[in-house]
1. Set Lys and Arg Cβ to +1 and Asp and Glu Cβ to -1, take the dipole of the range A:1-105 about its Cα centre, and tell me which of A:Leu40, A:Val10, A:Pro52 lies farthest positive.
2. Less than 19 Å from a label point 7 Å out along the Cα-to-Cβ axis of A:Asp363: which backbone N atoms in the range A:272-313 qualify, by residue?
3. Report the accessible area of B:Ile47, computed with a 1.4 Å probe over the heavy atoms of all protein chains in place, in Å² rounded to the nearest 10.
4. Do you know the relative contact order of the range B:76-122, to the nearest whole percent, from alpha carbon pairs under 8 angstrom that are 6+ apart?
5. Counting Lys and Arg as +1 and Asp and Glu as -1, each charge on the Cβ, what is the dipole of the protein assembly as shown about the Cα centre in debye, to the nearest 20?
6. Give me the one-decimal nm value for the distance between modelled label points at B:Arg41 and A:Arg77, 7 Å along each residue's Cα-to-Cβ direction.
7. Between B:Gly54, B:Gly71, B:Gly88, where does the largest GNM mean-square fluctuation fall for chain B, given springs only between Cα atoms within less than 10 Å?
8. Excluding A:Leu169 itself, what net charge comes from residues whose Cβ is under 9 Å from its Cβ, given Lys and Arg +1 and Asp and Glu -1?
Amino acid sequence: MGGRALIAGVGYAALGRNLGRTEGSLTVEACLAAIADAGLSVGDIDGLVTYPERIASPFEGPPLIYVQRALGLARLRYWQSFGTGPGPLAAVVGAVQAVASGSADVVLCYRGHRRQTQPFYIPGRRKETETAELDQAFKAPYGAPAGAPRWALWACRYMHETGATEDDLAEVVLTCREHAQQNPRAVWYGHPLTREEYFRSPYVATPLRLVDCDLPVDGAVAVIVASASRATATRKPIRIEAVGHATGPDVGWDVGADLSRMASQQASEELWARTTLRPSDLDLAQVYDGFSSLALCWLEDLGICGRGEAGAFLRSGAGRVGGRLPICTDGGELGVGRQHGMGKLAETVVQLRSEAGDRQVRDAEVGAVCAGAGPNCAVFLLTR
Amino acid sequence: MPVADEETRPFWSGLRLHALVIARCRSCLLWMHPPTASCPRCHSPDIGADPVSGRGRVYSYTTVHREFIAGVPPPYVVVLVELDEQAGLRVLANLIETDRIAPRIDLPVEARFEDVNGELTLLRFAPV
């Protein structure tokens with residue numbers, strides 16, 4: 001499948017903590033920016049996809065129909081909204097499948113959000129009189145509906161099994177925060193973090209501190225996935241060499257054999273089975289860092305280092321821009337703000353085009369983009 | 001307020017009677033939680049529910065310092081308990097009596113039942 005779909009354009013909207021703009025406004029800004037970046041016109045778009053969206057899922061995001069109307073997209077051959085999956089990369093996987101199968105040629109993928117409207121993730125947002133159904137019935141009454149308490153349980157077991165320490169978590173946060181200082185769009189730009197400050201940050205749910213969690217933000221990112229024949233006419237397309245997308249090791253957030261594992265393992269196996277490239281070929285790795293603990297597991301499951309060794313890898317400085325294999329080069333979820341991986345995809349395209357300015361990884365030719373945690377993950381391999 | 005359906009009612013009814021009732025395949029005897037309409041192992045649709053001993057060990061835990069659900073004020077401890085009946089059979093609840101014994105992995109615990117109101121009983125675990 002390698003080379004059948006390319007990323008033809010990327011676009012960002014403004015990003016901040018309280019911009020006073022609608023999700024739709026931010027999304028349209030990012031979409032038009034991506035179309036312009038590709039050197040295309042709106043009329044070239046024949047596919048539209050997102051994850052999630054306000055109508056199809058309990059999460060946030062402008063509905064497909066809003067974006068279609070706002071952009072004046074007359075005729076679409078692929079039109080899909082994903083309610084679940086490894087974050088917005090689920091939507092990009094859909095776009096790649098549509099393009100690779102010939103269903104559509106130029107698919108616009110978007111992720112837009114406002115922090116105030118993310119009820120799952122903001123503490124105290126749920127009311128006592130609300131009902132909890134299905135899986136939530138077994139979790140919400142105990143104060144663990146989603147977010148930090150659930151991922152803290154995972155982190156606790158992961159650290160128990162691998163020997164990872166809070167110092168290893170700190171290394172992820174410090175690396176991301178340092179990279180954010182070279183990214184004016186990042187929410188933590190202008191706010192460096194020291195190791196002492198990390199350990200003074202209060203716990204949200206042990207072992208996760210406030211700084212171990214990504215910050216909800218207003219923002220939007222859009223990418224355009226195009227077929228090879230259409231991509232050649234765009235400005236600087238980047239090749240999708242391979243995609244790994246899988247569930248595992250067991251279904252559900254907390255049941256099954258080993259809570260210290262997650263589907264990053266299966267997704268990485270799928271990825272490396274679909275390319276002759278190897279982890280040693282990577283020039284940068286946008287490991288998923290919605291919580292710092294997840295980034296450690298991604299580094300190991302991607303094959304960059306052995307299990308339990310991610311902390312040492314980061315402590316050596318290898319993960320910093322200028323080091324052997326930089327991670328989260330834009331600052332990651334932890335440095336930029338919560339975009340569930342869509343920003344990572346755009347950043348990797350920018351890096352491989354050699355347009356990352358102060359953040360540029362030298363001779364960047366191969367990049368991995370990871371999204372997801374727990375039972376469903378995806379990883380993309382992009383090449384220049 | 002948790003909402004029960006036909007599959008989960010034995011669990012919630014069990015809690016009202018101060019019992020931990022877990023779904024079990026009547027064909028291959030696999031325990032499963034939360035309940036599902038077919039057995040994940042042998043695919044039989046013949047699913048029942050039986051009381052378990054209530055004993056297990058802490059598989060993972062976290063102390064939560066922020067309010068995530070109104071009515072569950074911090075700090076509180078969430079535990080994932082692996083029940084003695086089957087490897088991998090896990091139930092999530094709050095750990096109580098943490099001033100007596102601090103949470104740790106493999107801590108032996110037993111189920112307790114807290115009547116919140118006339119309609120709702122919640123599961124707790126306490127160190128044995």
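1. Value: A:Pro52.
2. A:277-285
3. Solvent-accessible area, nearest 10 Å²: 50 Å².
4. Averaging sequence separation for qualifying contacts and normalising by length gives 24 percent for the range B:76-122.
5. So the dipole magnitude of the protein assembly as shown works out to roughly 920 debye.
6. With each label placed 7 Å out from Cα toward Cβ, I get 4.9 nm.
7. The residue with the greatest mean-square fluctuation here is B:Gly71.
8. -4
The values are calculated or read from the model by the stated rules, or taken from the named source; none is laboratory data. From a predicted model like this one, the values you see are computed outputs, not experimental measurements. Here the Cβ is made from the backbone with ideal geometry for all residues, glycine too, and neighbour counts use every protein chain on show. All accessible areas refer to the heavy atoms of the entire protein, side chains included, with ligands and DNA or RNA removed. Shrake-Rupley method; radii C 1.70, N 1.55, O 1.52, S 1.80 Å.
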